[in-house]
Amino acid sequence: MKINRLYCDATGESYLDAYELDQELRDFAPPAAPISVSAEQAATGYTVLDLPVDWGGETPHPTPGRHMLFCLAGSIRVTASSGASCDIGVGDALLMTDTTGKGHATSVTSTDPVRVVMIKL
């Protein structure tokens, strides 16, 4: 599974990259057949966000905490302060770790509202 990652460096500049989430075939819920499973990650809670089509997230802002975002409906474009951007749509994930610095801007790109789940890490 490809995970997009938003992070900042020591100067406060934010960047985007991507990595593959390692998974292995294993017996996760016997007696069900084996499935591809990633390593368990620690989390402390989650928030569901609904963004209207005209939501004004274009002003750069840092992430309010380390979060893993999963898009459930609609699509957004995330633009790092470095100028790099990525599109996040249904089924996509974004690891958000830019909790300080210049932050990022977010714009709704779909014609429908966006629903995401942000899991606090």
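Can you tell me which condition residue 32 does not meet? The list is (1) among the hydrophobic types (A, V, I, L, M, F, W, C); (2) more than 17 Å from the chain's Cα centre (by Cα); (3) surrounded by 12 or more Cβ atoms within 10 Å (Cβ to Cβ), and all the others hold.
Going through the list (1) among the hydrophobic types (A, V, I, L, M, F, W, C); (2) more than 17 Å from the chain's Cα centre (by Cα); (3) surrounded by 12 or more Cβ atoms within 10 Å (Cβ to Cβ), residue 32 breaks only (3).
Return the residues of segment 1-20 that are under 21 Å from residue 91 (Cβ atoms) and either without any contact (Cβ under 8 Å) to a residue 60 or more places away in the chain or outside any loop (DSSP other than H, G, I, E, B) (or both); say none if nothing qualifies.
Keep residues of segment 1-20 that are under 21 Å from residue 91 (Cβ atoms), which gives 1-6, 16-20.
Result: 2, 3, 4, 5, 6, 16, 17, 18, 19, 20.
Across segment 67-101, which residue is surrounded by the most Cβ atoms within 10 Å (Cβ to Cβ) among those that are in contact with a Pro (Cβ under 8 Å, 6 or more places away or on another chain) and not hydrophobic (A, V, I, L, M, F, W, C)?
Here the answer is 98.
Return the residues of segment 102-121 that are touching a residue at least 60 places away in the same chain (Cβ under 8 Å), in contact with a Gly (Cβ under 6 Å, 6 or more places away or on another chain) and buried (at least 19 other Cβ atoms within 10 Å of the Cβ); say none if nothing qualifies.
Residue satisfying the conditions is 114 alone.
Can you tell me which condition residue 46 does not meet? The list is (1) exposed (fewer than 13 other Cβ atoms within 10 Å of the Cβ); (2) assigned to a loop (DSSP other than H, G, I, E, B), and all the others hold.
Of the numbered conditions (1) exposed (fewer than 13 other Cβ atoms within 10 Å of the Cβ); (2) assigned to a loop (DSSP other than H, G, I, E, B), the odd one out for residue 46 is (2).
Values in this text are rule-based calculations from the coordinates and carry no lab data. Keep in mind that this is a model prediction, so the values were computed, not measured. Cβ: placed from backbone, ideal geometry, glycine included. Neighbour counts: every protein chain shown.
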